[in-house]
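Here is the structure we will look at.
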Amino acid sequence: MTTQRARRAGQMQVAKTIIEIRALVGRARAEDRTVGLVPTMGALHIGHISLIEAATECCDYVVVSIFVNPTQFGPGEDFAKYPRPLASDLEICEKHGVHAVFAPTPEEMYPRENLTWVTVEKLTEPLCGRFRPGHFRGVTTVCTKLFNIVGPDVAFFGQKDAQQTAVIKRMVADLNLPLEIVVCPTVREPDGLAVSSRNQYLSPPERKDAAVIYRSVQKGAELIRAGETDAARIVAEMCAILRQVPALRVEYVSIVDAESLRELDQVTGKVLAAVAGRLGSTRLIDNIVVDTPPK
Ligand code: AMP
């Protein structure tokens, strides 16, 4: 039986503690295997699976972390109700060739009051940062902890969370963390809605309405690709599409530089057309990245 087969036949390891995952990764390292990490909050879907596939393509040993990180949720956000279908998540990981799952409890990750935080300035202020104070501090802190615990060569993130990827990349560069960040394309439903664990909160009519967010970022990207450079005009057209769904409470519609996340008046270089809004109690975000010739 090949190693791959043996693993598929049920040898994926599940570590609940930091000591266990370190021992597993240590063994892989001793065999000179490269290590890939896919950080997730679970409720795995085809978006997460695309990251797992990218990781298994490029790394010899793939770790998926499943941890609903309390420090990235604000008061009144969905931490308590966030879905936690661990048994089916483990099945998905096993089926897709994951070598080890790290699924710690909050007490394992935060055994005492956390006094040490990793904060990335500026990039965390606009877009989602305006509506989720403290969110990115929780994300950067937990990712630093996961990077320190697992010690991956490469970590995989999704373009769907464009601000998160920009923030993490900057943190890794600023702190000389010894790993590479790979960003994978957004996986979408047939109507364009970005797949998300939170989509299951949507009622059937909300689910139908939710695709408007994609139509709006798609319009923005289309105009940019066609050579429109006036960001205000692009935003106005994106807003016109969003108005087709009066129930959507728009948080932002922005054209920003993809790396600095600075709001642009004139489109130039690599840019994001980004939207966030709420349908009922569900917060949805989406973006499309477009590379334009620098002016
Ligand atoms: P989450 O479990 O929502 O924290 O997401 C874990 C990782 O999966 C993050 O890097 C997300 O950007 C990524 N991800 C979530 N949804 C998608 C999607 N539809 N397409 C690609 N990546 C995704």
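The values are calculated or read from the model by the stated rules, or taken from the named source; none is laboratory data. A quick note: this is a predicted structure, and the numbers were derived from the prediction, not measured. Neighbour counts are summed over all protein chains in view; Cβ atoms, including those assigned to glycine, are modelled from backbone coordinates with ideal geometry. When the accessible area is computed, the model is the full protein with side chains, heavy atoms only, and any ligands, DNA or RNA have been set aside. Shrake-Rupley method; radii C 1.70, N 1.55, O 1.52, S 1.80 Å.
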Which value results when the Cα radius of gyration for segment 201-295 is divided by 2.2 N^0.38 Å?
1.07
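Measure off, as a whole percent, the carbon and sulfur share of the 1.4 Å-probe accessible area of the chain, all protein chains present. Each step should come with its number before you reach the end.
On the way: 7360 of 14230 Å².
C and S atoms contribute 52 percent here.
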For G158, which sequence-distant residues (separation of 5 or more, or a different chain) have an amide H within less than 5 Å of its own amide H, given hydrogens modelled in the peptide plane?
C184
Top mean-square fluctuation among I149, I255, I66, Gaussian network model of the chain, C-alpha springs under 10 Å?
I149
Rounded to 10°, Cα long-axis angle of helix 204-225 versus longest principal axis of the chain
70 degrees
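Please compute the length gained on full extension between L177 and E125, using 0.36 nm multiplied by the number of residues separating them and subtracting their Cα-Cα distance. Intermediate results must be reported in sequence, preceding the final value.
Details: separation 52, 0.36 × 52 = 18.72 nm, distance 2.25 nm.
Net length gain for the segment: 16.5 nm.
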Sort I288, I21 by heavy-atom solvent-accessible area, probe 1.4 angstrom, most to least.
I288, I21
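At a Förster radius of 25 Å, what calculated FRET efficiency corresponds to the Cβ-Cβ distance of I19 and L86, to the nearest 0.05?
Efficiency, from the Cβ-Cβ distance: 0.80.
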Kirkwood Rh in Å, taken over segment 40-139 so that all alpha-carbon pairs contribute
15.3 Å
Other residues with Cβ under 14 Å from the Cβ of P190 give, with Lys and Arg +1 and Asp and Glu -1, a net charge of +2
Along each of the three principal axes of the Cα atoms of segment 72-228, give the extent in whole Å, ordering the values from largest to smallest.
47, 37, 35
Going from most exposed to least, what order do S88, S254 have by accessible area with a 1.4 Å probe?
S88, S254
Which residue, G138, G227, G36, tops the fluctuation ranking in a GNM of the chain built on C-alpha contacts under 10 Å?
G227
Return the Rg/Rh value of segment 121-201, two decimal places, where both radii are evaluated on C-alpha atoms and Rh is the Kirkwood radius.
0.99
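Relative contact order, percent, of segment 178-295 when contacts are C-alpha pairs under 8 Å separated by at least 6 residues?
Values: 194 pairs, mean separation 29.4, N = 118.
Rounded, it is 25 percent for segment 178-295.
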Between the alpha-carbon centers of segment 188-223 and segment 98-173, tell me the distance in whole angstrom.
25 Å
Shape parameters for the chain, alpha-carbon atoms, Rg then Dmax in Å:
19.6, 61
What spacing in nm lies between the two simple spin-label points modelled at S203 and A226, each 7 Å away from Cα in the Cβ direction?
3.5 nm
Against the longest alpha carbon principal axis of the chain, how many degrees, from 0 to 90 and to the nearest 10, is the axis of helix 18-30 turned?
80 degrees
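Enter the accessible area per residue of the chain (Å², integer; probe 1.4 Å; all protein chains in place). Walk me through the intermediate numbers first.
Working: 14230 Å² over 295 residues.
Using a 1.4 Å probe on heavy atoms only, each residue of the chain averages 48 Å².
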